[in-house]
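The values are calculated or read from the model by the stated rules, or taken from the named source; none is laboratory data. Fair warning: this is a prediction, and the values are worked out from it, not measured in the lab. FYI the Cβ positions are ideal-geometry reconstructions off the backbone, even for glycines, and counts take in every protein chain you see. The accessibility values were calculated without ligands, DNA or RNA, using every heavy atom of the protein model including side chains. Shrake-Rupley method; radii C 1.70, N 1.55, O 1.52, S 1.80 Å.
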Amino acid sequence: MIKFLDLHKINERFRNEIDTRIKKVLDSGWYLLGQEDKTFEQNFAQFCGVKHCIGVANGLDALNLIIKAYGFGTGDEIIVPANTYIASILAISENGCTPVFVEPDINTYNINPDLIEEKITDKTKAIMVVHLYGQAVQMDKIWYLAKKDNLKIIEDSAQAHGALYNGKRVGNLGDASGFSFYPGKNLGCMGDGGCVTTNDDELAAKVRALANYGSDRKYHHIYKGVNSRLDEIQAAILDVKLPHLDKDNARRREIAKYYRENITNPKIILPKTYGEAAHVWHVFTLRTENRDEFQRYLEDNGIQTNIHYPTPPHKQGAYKEMANHSYPISEEIHRTILSIPISPVLTDDEVKKVVEVVNGF
């Protein structure tokens with residue numbers, strides 16, 4: 001069986017160094033907001049090309065804290081892609097804001113920049129761009145709209161660590177960005193973790209305080225904050241893996257290129273990218289009219305798969321007030337999409353077998 005994602009094999013490559021760093025944390029007796037956190041924050045900020053990185057507990061908290069720090073709330077609207085993972089939308093509604101859905105581009109699966117302007121109202125405060133499946137959103141028109149209408153750009157970079165747009169990394173394409181370090185991400189820890197990146201000094205200070213009970217110093221609380229911190233062990237693990245991220249992403253691109261050049265089954269629609277550097281292939285998504293049958297066939301032939309995602313957000317029970325809304329492009333994607341194995345530890349033989357099996361469907 002070719003696993004969809006072999007996390008043990010991915011992390012085993014760094015076992016000795018991770019063991020050493022965890023022992024260092026244990027020996028220090030300092031487990032939160034310590035030196036490992038500071039070191040990783042500095043290194044990840046440098047990697048993204050930004051001034052600030054603030055470690056938090058997870059990716060949802062990262063987005064939630066950005067919106068909270070900006071003071072957006074009831075009556076405010078935030079534009080968001082209709083086909084994103086639900087966390088993007090939960091962060092908006094958690095702050096009392098209204099998510100305004102925009103359909104994706106059927107070719108890239110990212111928000112369609114040409115459909116955003118018609119959704120902007122006098123209540124719109126921000127555009128949330130989601131670099132879905134690992135591909136950076138095409139930002140030029142979004143930058144223009146944000147400047148024209150005085151809107152913030154919030155990046156959901158949870159799936160796209162290291163992706164580039166016009167030479168700049170995601171996490172540095174808007175006013176602030178939320179990252180997830182969930183174990184299955186291109187840069188993943190061994191538990192939950194996340195961060196906020198920004199060049200805004202004031203926002204960074206507010207996010208850092210909000211994430212620590214609203215405190216700017218011990219027992220001094222200037223905001224109604226929350227508890228959302230990246231612990232020292234997870235920060236140490238991430239800092240071990242960060243120097244290998246570009247190499248791992250290069251391997252993902254190599255596999256994606258092989259898939260795209262050698263999967264020739266006419267029943268299968270392959271993903272598209274507008275530039276190799278723009279995509280880090282967090283997942284490799286295929287589309288087919290017979291998705292469920294295709295998934296069973298792959299499983300029967302020793303290939304694990306996943307669906308990202310089976311149900312669009314507006315059809316989820318959590319957003320039943322939107323159930324009657326129609327987003328046909330999103331619905332088409334969610335109905336037909338299937339993700340096949342891609343990771344830096346897949347062997348060439350495994351990649352060739354995947355192609356062979358897919359072409360045999």
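Between Gln42 and Asp201, residue separation times 0.36 nm minus the direct Cα-Cα distance comes to 55.8 nm. When both the stretch 247-312 and the stretch 139-180 are represented by their alpha-carbon centers, they are found 25 Å apart. Residues considered: Thr20, Thr197, Thr98. Largest GNM mean-square fluctuation over the chain, using C-alpha springs under 10 Å, is found at Thr20. Taking 0.36 nm per residue of separation and subtracting the Cα-Cα distance, full extension of the segment from Asn16 to Asp140 would add 40.3 nm. Counting only Cα atoms, the stretch 75-126 measures 32, 24, 10 Å along its principal axes, largest extent leading.
Pull out a ≥ b ≥ c, the square roots of the eigenvalues of the alpha-carbon gyration tensor of the stretch 163-219, then state rounded if a/c is under 1.5, prolate if not and a/b is larger than b/c, and oblate in the remaining case. Judged from the Cα gyration tensor, the stretch 163-219 comes out oblate (a/c at least 1.5, b/c at or above a/b). The modelled label-to-label distance for the pair Asn301/Ile86, using points 7 Å beyond Cα in the direction of Cβ, is 3.3 nm.
Solvent exposure of the stretch 268-361, expressed per residue, is 44 Å² of accessible area, with all protein chains present and a 1.4 angstrom probe. Two decimals is fine: what is log10 I(q)/I(0) at q = 0.12, 0.23, 0.24, 0.26 Å⁻¹ for the stretch 295-361, from a Debye sum with one equal scatterer on every Cα and no solvent? Log10 I(q)/I(0), no solvent term: -0.45, -0.95, -0.99, -1.10.
Put the Cα centre of the stretch 184-199 next to the Cα centre of the stretch 64-123 and the gap is 21 Å. Geometric descriptor of the stretch 100-150, per residue, is 74 Å³ (volume of the convex hull of the Cα atoms). Counted over the stretch 232-361 with a bin width of 5 Å, the fraction of Cα pairs per bin, in whole percents, is 2, 9, 17, 18, 16, 13, 11, 9, 4, 0.
In a Gaussian network model over the chain where Cα atoms closer than 10 Å are linked, find which of Pro341, Pro266, Pro183 has the largest mean-square fluctuation. In the Gaussian network model the winner is Pro266. In units of the rule-of-thumb radius 2.2 N^0.38 Å, the stretch 105-208 shows an alpha carbon radius of gyration of 1.09. The region of the chain that goes longest without hitting one of the trypsin sites (Lys or Arg not before Pro) in a DSSP loop, each with at most 11 other Cβ atoms within 10 Å, is 1-217. Each Cα pair under 8 Å and six or more residues apart adds its sequence gap; the mean of these over the residue count of the stretch 142-188 is a relative contact order of 36 percent. Averaging 1/r over every pair of different alpha carbons in the chain and inverting the result gives a Kirkwood radius of 21.0 Å. Express in % the proportion of alpha carbon pairs of the stretch 162-266 at distances exceeding 24 Å. Above the 24 Å cut-off, the stretch 162-266 has 41 percent of its Cα pairs. Accessible surface calculations at 1.4 Å, restricted to protein heavy atoms, place the stretch 45-181 at 33 Å² per residue. Element breakdown for the chain at a 1.4 angstrom probe: carbon and sulfur atoms account for 48% of the accessible area.
DSSP assigns beta bridges within the chain; of those with both partners inside it, close to 60 percent run antiparallel. Modelled spin-label separation between Met190 and Asp292, with each label point placed 7 Å from Cα along the Cα-to-Cβ direction: 3.9 nm.
Of the GluC sites (Glu not before Pro) found in the stretch 255-361, the ones in coil according to DSSP and having at most 12 other Cβ atoms within 10 Å of their Cβ are Glu289. Gyration tensor analysis over the Cα atoms of the stretch 1-152 returns equivalent ellipsoid semi-axes of 35, 21, 14 Å (largest first, whole Å).
Largest GNM mean-square fluctuation across Thr264, Thr108, Thr124, computed for the chain with C-alpha springs under 10 Å, falls on Thr264.
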